[in-house]
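We did not get these values from a lab; they are worked out from the coordinates using the rules stated. This is a predicted model, so every value here is computed, not measured. As a convention, Cβ positions derive from the backbone with ideal geometry for all residues, glycine included, and neighbour counts pool all protein chains shown.
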Amino acid sequence: MTAGAPVLLRVDLWALGPVIALTLGALVLLLLELVPPRERGNRGGIVSLLALGASAWAVLRVAHAKRSIFGGMFVHDPMTVFFTLLFCAIGILSVLASWDYVKRTRINQAEYYALLLSSVLGMIVMAASNDLVTIFLGLELMSLSLYVMVGFRRTRLDSNEAALKYFLLGAFASGFLLYGIALLYGATGTTQLGRMGAFLAYSPLLQNPLLLVGALLVFSGFAFKVAAVPFHMWTPDAYEGAPTSVTGFMSAGAKAAGFAALLRVGLRALGPVQADWTPLLAVIAFLTMTVGNLTALLQNNLKRMLAYSSIAHAGYVLVAVAAGGPEGAAAAVFYLAVYSFMNLGAFTVLTMLGEGRDERVLVSDLAGLGFRQPLLGIAMTVFMISLGGIPPTAGFMGKILVFGAALQKPELGWLVIAGVLNSVVSVFYYLRVTVALYMREPEGEPVHVSWGPAAALAILLALAATLYFGVQSHGLWQQAKDSINGLL
Amino acid sequence: MAHAPWLSILVFFPLAAAAVVAMMPTGSPRTARLVATGAALIELLVSLPLWWRLAPRAPGFQFEESLNWIPAIGARYHLGVDGVSALLALLTTITTFVALLGAWTAVEKRAREFYALVLALEAGMLGTFFSLDLLLFYMFWEAMLIPMYLLIGVWGGQRRVYAAVKFFLYTMAGSVLMLVAILSLWLTQRAATGTPTFDLTVFYQMPLSPSHQFWLFLAFAVAFAIKVPMFPLHTWLPDAHVEAPTAGSVILAAVLLKMGTYGFVRFAMPLFPNALQVCGPWIAGIALVGIVYGALVAMVQPDLKKLVAYSSVSHMGFAMLGLMALNAQGMAGSMMTMLNHGVSTGALFLLVGVVYERRHTRLIADFGGLWKVVPVYSAIFLVVMLSSIGLPGTNGFVGEFLVILGAFRHQIPWAVIAATGVVLSACYMLWMFQRVVFGPVTHDENRGLTDLSLREKLVFAPLLVLIFWMGVAPQPILDRVQPALDRTLAITETRAAQLEHFREPVPAGARLAARAAGEGAR
């Protein structure tokens, strides 16, 4: 046996570590249900944290290795590492945010955490796939878990409605995606992204309707997952009906996963024909930003408002994707990372509002909260100004990098102008939150804040990330660039 | 001190103090205000050496600090001052201290948050003046909005939320386009040299095609014009001024408006000289409209704060006009006007705040005959009012005289129209003063007014000293700003001359193709 072979095996095992850890974690959680839980324990949360921590650790062990596993279907490259770490961070923050929330809303069951883990697993598989079939596999794993999580408050009608809507529309989108994959396979004879790209580079098939329709359908499938206009209709209802902790989780995770897969497909498979899809992406980016922001102006429910805001943010990321090239893709990756932190932070704040099973998530419920709960107020304000793209927060650096990347293409100048004007519009509704926090007195009984140490920790972590990446974004930007440049 | 990062200390000391004040126990507003005022005083004392340690004739920027910040995109933490920014920074530290001292009794509820925000605002303002890196500048420029927005929105008057949101959105709408322009500069520079940077001194050397300049200048100019504010982008100002608490109004008038004119001097004019030649007359025209319009509208205001707010529009028109004259006198006059306006209008807002605190009204009609009741107050009011009009011997005169002189040398009609603004300012100010201070006491509530307390006298003392000193002996100030302004003017002129003959760089490939086409034709 040569000296190289065992090393290869070890790297492969470590690279698959996240998948193994999360699968084991989910199985352990399901088995744990057989043993009656203790009154005040939270073993589900602990097991999830351990599994997520273990997968982050495993991928860090081989962070600098590059491997193609399972015949090229699954790759371990800097982008996989970046997104695996991001999904683990999202998972950890979500578990912390859920910790007390699921207890007080009485949905504290091991299944909740098991589904969360398998959903994170699906996201990682999506980001690490180099083959359309594995991408679909990851997407379905993530989506099916999310459908159930959205409907987790079984006793509430709106939760059921949200889950059903999300499921039905999501099933359609999956159908589109699968059909698109089939057509692309028909056009190029392969489902592997690299080979597809090579094929397209040497024999452009632009007149082939199979390729065009296939690419369009695949794109629609991803657009649904990232909530891009015109596939955004499910977002507000699903976000509103889902338990708040789940809303935060899916708004960050599902979006990042969808974009990770989209970026891989865009850069590897359809890169050679990029000039053809840029105009389409630009128009969709414009519509997504504008529709999201304008509709968010009219919302009084914070969850709905953040749902529309998440649509708008998908639009900003699409600007970066439309800008294309390594720099645009890196800007998209950077933006997804900072967006995850600020958005999860905002939703974690929302999980604290209300007592027992009820949720208080109207803008007016925040009235006067900023002075009664200074830390919560400051955190929410920082998340809002970061979402609005105002310095010195991470959201601002994200916007700089996204628009800086897009401005390199003169034909996208209009999109950049539209983007920055959109961010002014968005500031109006983000400011409404701060107005409520600091400038209004509560009418009637002020909202009850259910403090929990875990959620407070999640808020502090998200706050630290939002501020840190705002003033010192060099490291994250370098990582984002490396993740794109080292793409396998 | 020689190697200490002095400017950084100036920027971050108030921020640290703000954090300390914000974390103090709720029950002690007295301690909070003592600590905050003390911090502002220390900051003022630490900033005073800017006056004598500055070497006005030294080329370039001084006390520079330059550290890598985001190397991947070439952004640096680059601070530095010249005569212009040093004096504006001094104005900032003086104003902040005076405003805090003046707010001692005005702010009752949520005092510690108030003081913390004022200190944070000070940090933002100083950072904006010191930044020599465009990204850093933009960060301070926009981050500064947040404390001001909260100051207006939380401690303001009846329509405070409306005014605060309007203030924020107006300023932000202007500045995002400037952000695009900054990014465009950055990309142009990177494409030309391969190394990305946001450094202002590098951009001063960078050639730009006139058409490119035009759009970038427009983006910068709109952002700064909103801040100045220039007619017709001024409508946020009366709302913000009227609704803001006294300290907020003082800082807004004295410092925040200067950021607009400062932006023109530091960025828009030297970076885009050819566009300036095209747009300059238009901007001067708008400034003239602003001078006359602001004065006329001020005349009919029933509310004291609104009157002062519109007088700001008029005065800042002078500052803009002086810049657009593009000669030494005009620029120096503009700089003097900025400083004068900071001192006089700041003092006016404080004076309005004093009577508002006692009577809870700002309507001119609610006063009358104050001289008999509160003589000291009225005397100070008289001096400040006269300095705002620009009476010789007070600071206002020097600035306006130089601006009109500069304008006269450039375009005589400009000077004529601007001079009517001076006359109009005498009209509205004197008329207001007559209705408020002279005549019989028309309202019985006013008979019980108490005159200035010792603290309030202390608040006005430095401002009065400044008014007379800057009016009688402005030369030390001019000595400090003139070299910096001359440098700006020189950069503008040499760049404009160089770029007259600017041609788009032709990519090598295109040149080859053109040659091949030419050979083919032959």
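Of A:474, A:455, A:429, which is farthest along the charge dipole of segment A:410-488 in the positive direction, counting Lys and Arg as +1 and Asp and Glu as -1 at C-beta?
The one lying farthest along the dipole's positive direction is A:474.
Give me the tail of P(r) for segment B:341-474 as a percent: Cα-Cα pairs with distance above 27 Å.
Of the Cα pairs, 26 percent sit more than 27 Å apart.
Taking square-rooted eigenvalues a ≥ b ≥ c of the alpha carbon gyration tensor, is segment B:1-71 rounded, prolate or oblate, where a/c under 1.5 means rounded and, failing that, a/b exceeding b/c means prolate?
Details: a/c = 4.39, a/b = 1.86, b/c = 2.36.
It comes out oblate by the Cα gyration axes.
Give the average over all directions of the projected area of the C-alpha convex hull of segment A:147-201, one decimal, in nm².
Computed as one quarter of the Cα hull surface, the answer is 4.5 nm².
Using alpha carbons only, what's the Rg to Rh ratio of segment B:247-312 with Rh from Kirkwood? All intermediate terms of the calculation are to be shown ahead of the outcome.
Working: Rg = 14.7 Å, Rh = 13.6 Å.
Reported Rg/Rh, Kirkwood definition of Rh: 1.08.
How large is log10 of I(q)/I(0) for segment B:370-421 at q = 0.13, 0.22, 0.27, 0.29 Å⁻¹ when the intensity is taken from the Debye formula with one equal scatterer per alpha-carbon?
-0.43, -0.76, -0.93, -0.99
Separation between the residue B:211 and residue A:428 pseudo-spin-labels, each 7 Å from Cα along Cα→Cβ, expressed in nm?
With each label placed 7 Å out from Cα toward Cβ, I get 3.4 nm.
Under the Karplus relation 6.51 cos²θ - 1.76 cosθ + 1.60, θ = phi - 60°, what is the ordered set of whole-Hz ³J(HN,Hα) values for segment B:152-158, x standing for Gly and Pro?
5, x, 8, 9, x, x, 4
Which lysines does residue A:225 reach when only Cα atoms under 30 Å apart count, and residues fewer than 8 places away in its own chain are ignored?
Reachable lysines: A:66, A:103, A:165, A:255, A:303, A:399, A:409, A:481.
Within the set of other residues whose C-beta is less than 15 Å from the C-beta of residue A:123, count the net charge using Lys and Arg as +1 and Asp and Glu as -1.
Around residue A:123, the charge tally is +2.
In Å, the Kirkwood hydrodynamic radius of segment B:399-495 over pairs of distinct alpha carbons?
Answer for segment B:399-495: a Kirkwood hydrodynamic radius of 17.8 Å.
Answer with one residue from A:226, A:277, A:241: the one whose Cα lies farthest towards the positive end of the charge dipole of segment A:225-332, charges on Cβ with Lys, Arg +1 and Asp, Glu -1.
After comparing all options, I get A:241.
Using the basic label-point model (7 angstrom from Cα toward the beta carbon), what is the residue B:360 to residue A:24 distance in nanometres?
Output for this residue pair reads 7.0 nm.
Which value, in debye to the nearest 20, gives the size of the charge dipole of the protein assembly as shown about its Cα centre, when Lys and Arg are +1 and Asp and Glu are -1 at the Cβ?
400
So, counting K/R as plus one and D/E as minus one, what does the shell of residues with Cβ under 15 Å around residue A:25 add up to?
Every neighbour counted, the sum reads -1.
What whole number of Å gives the distance from the Cα centroid of segment B:99-113 to the Cα centroid of segment B:228-276?
25
Within 10 Å of each Cβ of B:172-184, how many other protein chain Cβ atoms are there on average?
6
Just how large is the dipole of chain A about the Cα centre, in debye to the nearest 20, putting +1 at every Lys and Arg Cβ and -1 at every Asp and Glu Cβ?
It comes to approximately 480 debye.
Per residue and in Å³, how big is the convex hull formed by the alpha-carbon atoms of the protein assembly as shown?
So the per-residue Cα hull volume is 189 Å³.
Points 7 angstrom from Cα along the Cβ direction at residue B:296 and residue A:50: gap in nanometres?
Inter-label distance under the simple model: 8.0 nm.
Under a Cβ-only charge scheme (Lys and Arg +1, Asp and Glu -1), can you give me the dipole magnitude of segment B:416-493 about the Cα centre, in debye to the nearest 20? It would help to have the intermediate numbers written out before the result.
Numbers: 6 positive and 7 negative charges, 18 e Å.
The calculated dipole for segment B:416-493 is roughly 80 debye.
How long are the semi-axes of the ellipsoid equivalent to segment B:1-140, from square roots of 5 times the Cα gyration tensor eigenvalues, in whole Å, largest first?
In descending order the semi-axes read 29, 17, 11 Å.
Along the charge dipole of chain A, Cβ charges K/R +1 and D/E -1, which of A:157, A:26, A:368 sits furthest on the positive end?
A:26
Using all C-alpha to C-alpha distances in segment B:325-399, build P(r) with 5 Å bins and read off the rounded percent in each one.
3, 15, 20, 21, 14, 11, 7, 4, 3, 1
With Kirkwood's inverse mean 1/r over C-alpha pairs for Rh, give me the Rg to Rh ratio of segment B:6-502, two decimals please.
Using only Cα positions, Rg/Rh for segment B:6-502 is 0.96.
Whose amide H sits under 5 Å from the amide H of residue A:69, counting only residues 5 or more places off or on another chain, with H placed in the peptide plane?
Amide H neighbours of residue A:69, under 5 Å, 5+ apart: A:74, A:75, A:76.
Would you calculate the convex hull of the Cα atoms in segment A:101-228 and tell me its volume per residue in Å³?
It comes to 98 Å³ per residue, whole-number rounded.
Run a plain Debye calculation on segment A:15-88 (Cα atoms as equal point scatterers, no solvent) and give log10 I(q)/I(0) at q = 0.16 Å⁻¹, rounded to two decimals, same order as the q list.
-0.61
Need one value for B:132-143: mean number of C-beta atoms belonging to other chains within 10 Å of its residues' C-beta atoms. Present the calculation step by step, with values, prior to reporting the outcome.
Details: counts 0, 0, 0, 4, 1, 0, 3, 9, 2, 1, 6, 7.
The shielding value for this peptide is 3.
Take B:215, A:234 and order them by how many other Cβ atoms sit within 10 Å, fewest up front.
B:215, A:234
Rounded, prolate or oblate: which one fits segment A:184-335, using the alpha carbon gyration tensor with axes a ≥ b ≥ c (rounded when a/c is under 1.5, else prolate when a/b beats b/c, else oblate)?
prolate
When the Cα centres of segment A:293-310 and segment B:1-64 are compared, how far apart do they sit, in Å?
41
Let me know the shape class of chain A, please: from the alpha-carbon gyration tensor, a ≥ b ≥ c as square roots of the eigenvalues, rounded when a/c is under 1.5, otherwise prolate if a/b is greater than b/c, or oblate.
oblate
For segment A:110-125, what does the Karplus curve 6.51 cos²θ - 1.76 cosθ + 1.60, with θ = phi - 60°, yield as ³J(HN,Hα) per residue in whole Hz, taken in order and with x for Gly and Pro?
For segment A:110-125, the Karplus-derived couplings read 4, 4, 4, 6, 4, 5, 4, 5, 5, 5, 4, 4, x, 4, 5, 5 Hz, x marking Gly and Pro.
Relative to the present Cα-Cα distance, how much length would full extension add between residue B:473 and residue B:277 at 0.36 nm per residue of separation? Before the final figure, lay out the partial values.
Details: separation 196, 0.36 × 196 = 70.56 nm, distance 3.36 nm.
Extending this stretch completely gives an extra 67.2 nm.
Working out 0.36 nm times the residue gap between residue A:294 and residue A:372, then minus their Cα-Cα distance, what length gain in nm do you get to one decimal?
Once the chain is fully extended between residue A:294 and residue A:372, it gains 25.0 nm.
What is the distance in Å between the Cα centroid of segment A:423-488 and that of segment A:321-352?
A separation of 11 Å, based on Cα centres.
What ranking do B:61, A:347, A:469, A:70 get, fewest neighbouring Cβ atoms within 10 angstrom at the top?
Ranking B:61, A:347, A:469, A:70 by Cβ neighbours within 10 Å, fewest first, gives A:70, B:61, A:469, A:347.
Just how many pairs of Lys in chain B have C-alpha atoms closer than 28 Å, counting pairs that are eight or more places apart or on different chains?
19
Which of B:305, B:109, A:481 comes first, and how do the rest follow, when ranked by fewest Cβ neighbours within 10 Å?
B:109, A:481, B:305
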